[in-house]
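Visitor: Sharing a structure, written as structure tokens. Questions coming.
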Amino acid sequence: MILKKIKDKIFDLPLLFNTIRYILVGGKSRLNKEIFDAIKPKEDEKILDIGCGTCEFSELINSKYIGIDLNKSFLKKAKKKFPDRILMEMDAKNINFGKKSFDKILMMNFLHHFSDEDCKIILNEAKMVLKNKIVIEDNIIPTKGFINKLLVKLDRGDYIRTKDQEIDLVKEFFKIGEIKTFKSGFYEFIVIIGHK
Ligand SMILES: C[S@@+](CC[C@H](N)C(=O)[O-])C[C@H]1O[C@@H](n2cnc3c(N)ncnc32)[C@H](O)[C@@H]1O
């Protein structure tokens, strides 16, 4: 309980969140490459980033980008760094946009913060506002490495899943396209491309 409070205090500070992640993930280049390759953003598309945080990945996107998150200090920091982006305080469990409003949706480092039940609510909300393709990137339970496994225990997200568990969740809502797993720093990641 106390550990959770400490983690929340630390990771709610945008600069600390970004710096700690940068170190543990071993820089940004591998993650950026995998995410960019999966999104393949085009200028005329409208892309929704659910749980956008400080919008670090919006740098990769030349499309019309809209980010939603519940953390006011993350949104404030993102707005300062990316003044041209549309950022909104909105709950992923109650997405307030019209049906098929977005060509693509991104959920990055997000689903491991939610129980299966909540993920299903969120994925269903995403499906309603999506026209085409969803890109889900998340950290998964590492197959090896003591430090890697320890970091999973210390993660703020209580629901880090195996590769298969993450795929099973997503495939209830989307047709699965490409799936890729890779390591970066102390973490193992999955990228799932889903279609409506
Ligand atoms: C680990 S961060 C990932 C941020 C960003 N996607 C990234 O990869 O840099 C998870 C984010 O989910 C946001 N979040 C948690 N619950 C949420 C909810 N119900 N609706 C929208 N955002 C939420 C948090 O505020 C946080 O910014």
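The values are calculated or read from the model by the stated rules, or taken from the named source; none is laboratory data. Here the structure is a predicted model, which is why all the values come from computation and not from measurement. Here the Cβ positions follow ideal geometry from the backbone for every residue, glycine too, while neighbour counts run over all protein chains shown.
Visitor: If you take the residues in the range 150-159 that are surrounded by 14 or more Cβ atoms within 10 Å (Cβ to Cβ) and modelled with pLDDT under 95, which one is nearest to the ligand (Cβ to nearest atom)?
Guide: Checked the range 150-159; the qualifying residue nearest to the ligand (Cβ to nearest atom) is G157.
Visitor: Here is a list of conditions, (1) within 12 Å of the ligand (Cβ to nearest atom); (2) crowded, with 20+ Cβ neighbours inside 10 Å; (3) without any contact (Cβ under 8 Å) to a residue 60 or more places away in the chain, and I61 meets all of them except one; can you say which number that is?
Guide: Unmet condition: (1).
Visitor: State the number of residues belonging to the range 71-84 that are surrounded by fewer than 18 Cβ atoms within 10 Å (Cβ to Cβ) and part of a loop (DSSP other than H, G, I, E, B).
Guide: The first filter runs over the range 71-84 and keeps only residues surrounded by fewer than 18 Cβ atoms within 10 Å (Cβ to Cβ), leaving 72-73, 76, 79-81, 83-84.
If we keep only those that are part of a loop (DSSP other than H, G, I, E, B) too, we end up with 83-84.
Going through the range 71-84 one residue at a time, the tally reaches 2.
Visitor: Which residue out of K99, K104, K72, K76 is out of contact with any helix residue (DSSP H, G or I) (no Cβ under 9 Å at 6 or more places or on another chain), more than 8 Å from the ligand (Cβ to nearest atom) and of a type in the set (K, R)? Talk me through it step by step, then tell me what you get.
Guide: Working: K99 fails: out of contact with any helix residue (DSSP H, G or I) (no Cβ under 9 Å at 6 or more places or on another chain); K104 fails: out of contact with any helix residue (DSSP H, G or I) (no Cβ under 9 Å at 6 or more places or on another chain); K76 fails: out of contact with any helix residue (DSSP H, G or I) (no Cβ under 9 Å at 6 or more places or on another chain).
On inspection, the qualifying residue turns out to be K72.
Visitor: Within the range 34-48, can one find any residue that is within 11 Å of the ligand (Cβ to nearest atom) and either over 27 Å from K183 (Cβ atoms) or among the aliphatic types (A, V, I, L, M) (or both)?
Guide: Initial filter on the range 34-48 (within 11 Å of the ligand (Cβ to nearest atom)): 35.
Filter once more, so that each one left must be either over 27 Å from K183 (Cβ atoms) or among the aliphatic types (A, V, I, L, M) (or both): 35.
The answer is yes; a qualifying residue exists.
Visitor: While we're looking at this one, here's another question. Would you confirm, using the coordinates I've provided, whether I167 is modelled with pLDDT of 95 or more, within 17 Å of the chain's Cα centre (by Cα), under 21 Å from I121 (Cβ atoms) and within 16 Å of the ligand (Cβ to nearest atom)? Reasoning before the result, please.
Guide: Working: modelled with pLDDT of 95 or more: yes; within 17 Å of the chain's Cα centre (by Cα): yes; under 21 Å from I121 (Cβ atoms): yes; within 16 Å of the ligand (Cβ to nearest atom): no.
For I167, the condition - modelled with pLDDT of 95 or more, within 17 Å of the chain's Cα centre (by Cα), under 21 Å from I121 (Cβ atoms) and within 16 Å of the ligand (Cβ to nearest atom) - is not met.
Visitor: Can you pull out every residue in the range 12-33 that is closer than 15 Å to M108 by Cβ and within 13 Å of the ligand (Cβ to nearest atom)? Please lay out each step first, then the result.
Guide: From the range 12-33, those closer than 15 Å to M108 by Cβ are 17-18, 21-22, 25, 28, 30-33; that's our starting set.
Answer for the range 12-33, where residues must be closer than 15 Å to M108 by Cβ and within 13 Å of the ligand (Cβ to nearest atom): F17, N18, R21, Y22, V25, K28, L31, N32.
Per-residue answers, yes or no, for (1) on the phi < 0 side of the Ramachandran plot; (2) without any contact (Cβ under 8 Å) to a residue 40 or more places away in the chain; (3) touching a Leu at 6+ places or on another chain (Cβ under 8 Å):
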{"site": "K100", "(1), (2), (3)": "no, yes, yes"}
{"site": "H113", "(1), (2), (3)": "yes, no, no"}
{"site": "E117", "(1), (2), (3)": "yes, yes, no"}
{"site": "L123", "(1), (2), (3)": "yes, no, yes"}
{"site": "N132", "(1), (2), (3)": "yes, no, no"}
{"site": "K144", "(1), (2), (3)": "yes, yes, no"}
{"site": "I176", "(1), (2), (3)": "yes, yes, no"}
{"site": "I192", "(1), (2), (3)": "yes, no, no"}
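Visitor: Do we have M88 as assigned to a helix (DSSP H, G or I) and within 15 Å of I47 (Cα to Cα) here? I'd like the intermediate steps shown before the answer.
Guide: Values: assigned to a helix (DSSP H, G or I): no; within 15 Å of I47 (Cα to Cα): yes.
No, not satisfied.
Visitor: Answer with yes or no whether L123 is buried (at least 20 other Cβ atoms within 10 Å of the Cβ), within 9 Å of the ligand (Cβ to nearest atom) and among the hydrophobic types (A, V, I, L, M, F, W, C).
Guide: Numbers: buried (at least 20 other Cβ atoms within 10 Å of the Cβ): yes; within 9 Å of the ligand (Cβ to nearest atom): no; among the hydrophobic types (A, V, I, L, M, F, W, C): yes.
Spelling it out, it is not the case that L123 is buried (at least 20 other Cβ atoms within 10 Å of the Cβ), within 9 Å of the ligand (Cβ to nearest atom) and among the hydrophobic types (A, V, I, L, M, F, W, C).
Conditions (1) farther than 27 Å from I66 by Cβ; (2) of a type in the set (K, R), marked per residue:
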site: M90; (1), (2): no, no
site: L154; (1), (2): yes, no
site: F173; (1), (2): no, no
site: K196; (1), (2): no, yes
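Visitor: While we're looking at this one, here's another question. Does the range 100-116 hold any residues that are surrounded by fewer than 20 Cβ atoms within 10 Å (Cβ to Cβ) and in a strand (DSSP E or B), and which are they?
Guide: Matches in the range 100-116: D103 only.
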